[in-house]
Each structure stands twice: as structure tokens, then as C-alpha cells.
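The values are calculated or read from the model by the stated rules, or taken from the named source; none is laboratory data. The structure displayed is predicted, hence computed values, not measured ones. Please note: Cβ atoms are built from the backbone with ideal geometry, for glycine as well, and neighbour counts cover all protein chains shown.
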Amino acid sequence: MSSKENNKVEKLDKESDEGNIEYKLKLIDPTDTRFEHLVTQMKFRLQEGLGEAIYEIGIEDNGYPKGLSEKELKLSIETLKKMAKELNADITILREREGEIGKVAEVLVRRLADEDFLEIRIAVVGNVDSGKSTLVGVLTQGKLDNGRGLARVNVFRHKHEIETGRTSSISQQIMGYDSKGRIVNYESLGEQSWTKIIEGSSKVLTFIDLGGHEKYLKTTLFGLTGHKPDYVLLVVGANMGVVGMTKEHLGIALALKVPIIIVISKIDICPEHILKQTQDNLARLLKMPGSNKIPIIVRNEDDVVVSAKNLISGRISPVFLVSNVTGKNLDNLRKFLNLLPAHKKWDEFIDEPVEYQIDETFSVTGVGTVVAGTLMSGTVTIDDELLLGPDEFGNFQEAKIKSIQNKRLQVKRVVAGQTATFALRRIQRSAIRKGMVLLGKDAQFKVAKEFEAEVLVLYHSTTIQKNYQAVIHCGTIRQTAKITKMNKEVIRTGDKAKVRFRFLYYPEFLKKNRQILFREGRTKGIGKITKIFYDKLSSKP
């Protein structure tokens, strides 16, 4: 594992016309026309980064780190500040370093808080008792743990979880950063309500705290496929090492191609040689052929910035060594989370027909039936009439949107990529199951029991053949299916094949190219839907 201490800037790659990173040698006294052009350029970079951009000042377009004098740098940053103000954004200097003949600055530009805040979803996984819920509690509340589980109590949802200290359900907590990178959760005494956090935040991280015990693996899998996380944060207890479900969770995150952040916790109670052993085992696991990632131990601010910028490339996995009791290295983790880029481009799906995947249902007194989920495409506003289904016969029924909440905040609309809860008019909770969708009336209403997928078997102790049954996870769908056909007689660990599956119980709403994950016991495989066999056109109400 490596860490870079060097403060001198090496030559960067040539500037890209796409993405949210902009190089500027200097920004001194631009003319009105030039200033207008610079603002337009910044607007584009902010759009590319979904409300965030990084400016490299003192760098030429070809990546040469020439650098500027103190005075030139100061004037350039003043201009940058004025540009940001035009776009309702703020700037924060991330770091200053030595260029070839002067100083180079790396600056974060972020839009101010508004209704359309930037949301990043982080699934928190790891073996039982590794400190997942404690870490989430410490990050979201700003108070250290007492070593006996004080910080995690607010993260638990059920009485049995508080008593056992183990998470069985999917619990969500949020952490907000304002335009200057300050953590909104910590800005007043006592616990902040979600509404207050959202109102003051430009960027909101949602931690999806998943169970670590083997018997809750199906819930954990549902969290990873149904909640659409942008990142996976794998927590490893320093004293326990890479054991039990750690490998399982890492394997699933790699299979789903979700960028992975690693936190080694409990370093305050771990002997040095055991900690080194844990790091070595983790490094070995990350460098294996199926994973092929470079673990980087984050020790200082430079490592924080480099890791955050390169995480999306998929080649690196930052590793943080922390203690939730002493607070060691938590500041580096907080700075890193502030810089985490959004990497899913949802803009192109906003004008598509509505598709909302339901992952949970509630019955709220005085409100009625409420569904929670992710809007995969389109825009939904209050009073919209959507169609809910498919039921066990493949049919849909009308559902009117009574009210909308995004992170417990009442809003008038939500767009593709956002998670939201909808209160539905005239719908019984008993009529809804996981895997159902809400669709716009202009959407395709085809549902199917059979589909074909190109699959890769990640692990199976013997061979898989026709009639084999496994649970299919596809978005929020979770249903047992049987193999009805394969282009090979048998498949084993590491094999790829074209496989035809048939759901055992009821039809589902499927789309081509969607990712599937199948599992039965310790068998795991992933795949992509290549063909759907529609039984019939589903009936609209």
C-alpha cells in the first residue's frame, strides 16, 4: 500500500473537454466578454459534475504545472470567486502546491444549497461486529463512541438491534455538506432533523447501513441492488481481519462494479502486528485478478484529494485506518466524503417515461399508503396519475400521487436519480410488493416471466445445469427463478453462458441490459439481461 508525501505537482494529463475538471493558467482582469465566456465554461463544468467542479489554477491546458506568483494566484482566485457567484456557487481551496516556477492551487466549486441538492448514496457493508453502525453514527452525529456502542444506537431501527448491537434491517442516515464543505449535521447542539440538514446542504450523503451477519445476506443484497448505491463503504475490524462476510460483500460490490472505499476500524484496540496482517490480507484480496485494484492508504490531505479524484476510474480503493473512539483519521475520512464526486449521469433519463422502483412500503396514520424507492427515469410531480404493478397476473392499476417527500422534506417534484417517498391515493398497502414499479402512462407495459441473460458464475461448489433454481436480484426484484435452457450442458465457477430463466411465481417488469445477481446458498453469479420473452401485453386499467 502506498502514500504520497511529495508537495510538488507532477505533470497532469492533458485537459479533457468533458468532465468537471478545468485547467486555468491564470484568471487575471478578464474583459467583460472573456468573463462571460469563463462563466459559461464554469456552468458546463458544474453540469458535468452535477453541481461540483474542480479548477486547477496555474496549470496549462496540456497539463504542464507552470505555477503562478503569490499575487497572480490571489488575483486568479478572486476572479474564480466572482465567476462562481454568478452561478450561485461557492469556492473552497483544497490545496496549494509548488509548480515549476510558482504556486498551483486546486479549488472546489460547488453550487449553494437549493431544492435540487446533490445526493450521493453509500452502502455501508462488512462483517458482523466490524463497527459499521458505529462509524455511521459517529460520522452523522459528530460525537465519538464510548467503546460500548453509544454512537450506533440512533442508527438501529428495531428493539432487537439495540439489544444485540446488530443490524438486520436496512437503516438510512444522512450527512450534509454546505457549499463551503462544512458538515451541516454538526452546526447546532443536539441532534439535527433531516429537514434542517437538507435545507442547509448543497451535497447530501445517504448512508445505507446494511446487516453484516450471514443470515441477513438477502437484505444486504437487496440494499446493494435495490437502493442503487453510488459507492460501497466496506468496514473491516482491524482486530478481526478479513473474515466471514467481508469477502462475500467485497465480491458482490466488485461484481456490481460499484467503486469501493475501505475503512479499517477499531485501530485503538488492535496490536500493530495484527493491523499490518489485516492490511496485507486486504491488499492481497484487492489485487487479485477478479478485482485488480490498487489499495491506497490515506494518511494526509494530499492522499484525500488524489483518492477522491481517482476513485471513479475503478483502479484504486482508498483505505482509511480509523478509530471511532479516539477519532484518529476521521477528519481525513470526512474531507474525503466531502470531495466524493457524483458519477452517475441521470440527466439523460429526465425526459424519458416515468419508471419508479419500489423498495419499501408503509402505512402512515392520516396519510395512507406510502411507498419508498428510486426514480429511474422521468419526472414526477404531485397529483400525477401513474400506474402501479405488475400484480400476480401481470396487471397494473391507477395510482395518484398525493404528496412527495425527498429525505423527509416535502417537495413538489422529483427527477430521475432521486430517491423519494410517495403517498398514494386509493391504494391498499397489501396490494404492493417489492419489485413493483410505478410507470408513466406513456411507458411500455410489457411484463414477463421469462428472460435470457449472459451470466458469469462467481462461485459454485459443483455444477449448474437445467432446472437449477436460484433467487434473482434485479433492481428491487427478488424472486426465485428456474433455469429452463442454457447454451452449455453444465457451467461451473468462472464459466460464462447464455441462460434462460423463468420466474416461479409471478411476472415482473424487466428491461434489456439490466444487471442481475443470482444466488442460492453460497452460489453466486452475475449477468445482464439480453432478451425478454413477453407472455402478453399487460393490461392497463
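Structure summary
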{"item": "Selection count, the stretch 337-392, where residues are of a type in the set (A, V, I, L, M) and in a strand (DSSP E or B)", "result": "11"}
{"item": "Criterion (of a type in the set (A, V, I, L, M), over 13 Å from ILE516 (Cβ atoms), in a strand (DSSP E or B) and out of contact with any Pro (no Cβ under 8 Å at 6 or more places or on another chain)) met by exactly one of LEU438, LEU458", "result": "LEU438"}
{"item": "Leading residue by the ranking (nearest to LYS257 (Cα to Cα)) among those in the stretch 295-320 that are touching a residue at least 40 places away in the same chain (Cβ under 8 Å) and part of a strand (DSSP E or B)", "result": "SER317"}
{"item": "Within the stretch 413-432, considering residues that are farther than 25 Å from ASP230 by Cα and part of a loop (DSSP other than H, G, I, E, B), the one farthest from the chain's Cα centre (by Cα)", "result": "ARG426"}
{"item": "Filtered residues of the stretch 385-424 (kept if within 27 Å of ALA113 (Cβ to Cβ) and touching a Leu at 6+ places or on another chain (Cβ under 9 Å))", "result": "ILE401, LYS402, VAL414, VAL415, ALA416, GLY417, GLN418, THR419, ALA420, PHE422"}
{"item": "Output for the stretch 82-132, where each listed residue is charged (D, E, K, R), in a helix (DSSP H, G or I) and buried (at least 22 other Cβ atoms within 10 Å of the Cβ)", "result": "LYS132"}
{"item": "The lone exception for SER291 - which of (1) assigned to a loop (DSSP other than H, G, I, E, B); (2) out of contact with any helix residue (DSSP H, G or I) (no Cβ under 6 Å at 6 or more places or on another chain); (3) in contact (Cβ under 8 Å) with a residue 12 or more places away in the chain it fails", "result": "(2)"}
{"item": "Spans of helices (runs of 4 or more DSSP H) in the stretch 173-268 with at least 2 residues hydroxyl-bearing (Ser, Thr, Tyr) and modelled with pLDDT under 85", "result": "217-226"}
{"item": "Failed item, numbered, when THR79 is tested on (1) outside any strand (DSSP E or B); (2) buried (at least 23 other Cβ atoms within 10 Å of the Cβ); (3) β-branched (Val, Ile, Thr)", "result": "(2)"}
{"item": "Scan of the stretch 17-52 for residues that are surrounded by 15 or more Cβ atoms within 10 Å (Cβ to Cβ), out of contact with any strand residue (DSSP E or B) (no Cβ under 6 Å at 6 or more places or on another chain), of a type in the set (A, V, I, L, M) and part of a loop (DSSP other than H, G, I, E, B), ordered by number", "result": "LEU25, LEU27"}
{"item": "Unmet criterion (only one of (1) surrounded by 14 or more Cβ atoms within 10 Å (Cβ to Cβ); (2) in the same structural domain as MET376 (by TED's automatic domain parsing); (3) closer than 24 Å to THR379 by Cβ; (4) basic (Lys, Arg)) for ARG514", "result": "(2)"}
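Residue-by-condition table, conditions (1) buried (at least 16 other Cβ atoms within 10 Å of the Cβ); (2) under 26 Å from ILE21 (Cα atoms); (3) out of contact with any strand residue (DSSP E or B) (no Cβ under 8 Å at 6 or more places or on another chain):
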{"position": "PRO271", "(1), (2), (3)": "no, no, yes"}
{"position": "LEU275", "(1), (2), (3)": "yes, no, no"}
{"position": "VAL306", "(1), (2), (3)": "yes, yes, no"}
{"position": "SER313", "(1), (2), (3)": "no, yes, yes"}
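Every residue, every condition in (1) of a type in the set (D, E, K, R); (2) not in a strand (DSSP E or B), yes or no:
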{"site": "ASN467", "(1), (2)": "no, yes"}
{"site": "VAL471", "(1), (2)": "no, no"}
{"site": "THR484", "(1), (2)": "no, no"}
{"site": "GLU489", "(1), (2)": "yes, yes"}
{"site": "GLY494", "(1), (2)": "no, yes"}
{"site": "PHE518", "(1), (2)": "no, no"}
{"site": "GLY525", "(1), (2)": "no, no"}
{"site": "LYS531", "(1), (2)": "yes, no"}
